[in-house]
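Enquirer: The structure follows.
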Amino acid sequence: MNNRTFHAWFALGHLANDWPISSLWLIAPTAGIAMGLTPTDVGLLFTIFNVGGALAYLPAGILADHASNRGRLLVATFWWVTVGCGLAAFAPGYWGLALLLAVAGMGNAAWHPIAAGVLTHKSREQRAYALGIHAMGGSLAEVLAPLSVGFLLSYVDWRGALVISVLPTVLLGICFFWVVLAVPRVEKRTVSKQDMLDLLNTWSKGNGLRIVVMISLYNIALMALLSMIPLYFAERHGFGPAVVGITFSGLLTVGALAQPWVGKISDIVGRRPILILGNLAAGLASAVLIFQPSFWIMIAAMTVAVAGMDAIRAAMLAAAVDHTDDREGTTLGLAFVLMDGVGALGSVLAGITAGFSWPHMFGFTAAFSLAAAALGFVTVFGRDNGH
């Protein structure tokens, strides 16, 4: 299997694994409305789901660096997501739903550091580009899944929509029994205490610590915006599920399509200018939303804010791998913990600030994006430093 085909299958696998997860951007608010939940409750639902995923990222990344047959691990993630989401559709109440979605989130989380570790190991000179192709699958899921589920919710309730949303995961789970035969095996290694101490030392000071904080701030802002936009459209503008799905998917399209090309540019010009520009654009666009502009200006500002953060995701991950230049799976596992674990706080904090007012929520997003951009100015990135 050539590299282009290999990358395409991994992007499709990412799309299928993320499909039911991305459907939650509309399913969770719809479930919240059906259950009579507050914005804080909906934000907490996203936070619990992401914390569940965060628990799996680092162990999966460590396993990817030390297990010889990573293909089997990738296949298992599809069925983990399928079972978790399938059971969540029949959850009797709020906490049951939250727990089962967290279980599904763990399976989905495990895919990311394993798949990304395989790709960055094979494409050392074009890490951000390879991650961008892979990320495009997940971003397209974020575009197409809410779009499709928005129409589904016009005909079935949120439980039925969640069951239907796992069908792509099942299909690719079957296909990957063949695809993973092309995943190269690596030498099996044992996990040592020294490995963990070295990892801690790498990320606990200097540029490593600045990258950790920047990734955390960046994803807090991104999660805040994505988790609240559908609820904002439904509550503030009275949009139905189908219209919310169309609008939300449209907002995500630009960033989704830009990821590979932005990643490729960062492989050439360096990580710093790309990461600063993306976070700065998102922060300024979110600041515009504080003033509650007219509808089309609001849509334009939201598009810039979402695209600015979404487009630089691959470059952000590549910056983390550049800093260590080895142990790709473990490094990416840590990066995903920061993105979806620490970043999960963005959802519940955004829910709390939205409880005061929507301008407060957009101000929250702007502050964290601008703080991430500021950190980019004072951080030396591995590729930029000639490593």
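Read-outs: derived from the displayed coordinates by stated rules, not from any lab. Note that the structure is predicted; figures quoted are calculated from it, not measured. We place every Cβ from the backbone using ideal geometry, glycine too, and count neighbours over all the protein chains shown.
Enquirer: Can you tell me the equivalent ellipsoid semi-axes for the range 263-367? Use √(5λ) from the Cα gyration tensor, largest first, whole Å.
Expert: Gyration-tensor ellipsoid for the range 263-367: 29, 18, 8 Å.
Enquirer: Another question about this same structure. Given the options 12, 209, 280, which has the most mean-square fluctuation in a GNM of the chain, springs set between C-alpha atoms less than 10 angstrom apart?
Expert: Of the options given, 209 has the highest mean-square fluctuation.
Enquirer: Here's another thing I want to ask about it. For the range 343-369 and the range 35-80, what is the separation of their C-alpha centers, rounded to whole Å?
Expert: 23
Enquirer: Would you order 66, 7 from fewest to most other beta-carbon atoms within 10 Å of each residue's own beta-carbon?
Expert: 66, 7
Enquirer: Quick one: plug the Kirkwood hydrodynamic radius of the range 73-176 (C-alpha pairs) into Stokes-Einstein at 37 °C, 0.692 mPa s, and report D in µm²/s.
Expert: Rounded to a whole number, D works out at 220 µm²/s.
Enquirer: Quick check: convex hull over the Cα atoms of the range 28-98, volume per residue in Å³, rounded to an integer?
Expert: 83
Enquirer: Springs between alpha-carbon atoms under 10 Å, Gaussian network over the chain: tell me which of 153, 45, 275 tops the mean-square fluctuations.
Expert: 153
Enquirer: Sorted from fewest to most neighbouring beta carbons within 10 Å, what does the list 218, 232, 94, 129 look like?
Expert: 94, 232, 129, 218
Enquirer: Continuing with this model, one more query. Put +1 on the Cβ of each Lys and Arg and -1 on the Cβ of each Asp and Glu in the range 236-387; which of 372, 254, 285 then has its Cα farthest toward the positive end of the dipole?
Expert: Result: 285.
Enquirer: Follow-up. Would you look at the GNM of the chain, springs on alpha carbons closer than 10 Å, and say which of 241, 168, 92 moves the most?
Expert: Judging by the Gaussian network model, the answer is 92.
Enquirer: Another one. Take 178, 203 and order them by how many other Cβ atoms sit within 10 Å, fewest up front.
Expert: 178, 203
Enquirer: With the dipole of the chain worked out from charges on the C-beta (+1 for Lys and Arg, -1 for Asp and Glu) around the Cα centre, which of 351, 51, 337 lies farthest toward the positive end?
Expert: 337
Enquirer: Per DSSP H run of n ≥ 4, the term is -39500 (n - 2.57); total these for the chain, divide by its residue number, and report the mean residue ellipticity at 222 nm rounded to 500 deg cm²/dmol.
Expert: Mean residue ellipticity at 222 nm (helix-derived): -28000 deg cm²/dmol.
Enquirer: Another one. If you take the square roots of the eigenvalues of the alpha-carbon gyration tensor of the chain and sort them as a ≥ b ≥ c, do you get rounded (a/c under 1.5), prolate (a/b over b/c) or oblate?
Expert: oblate
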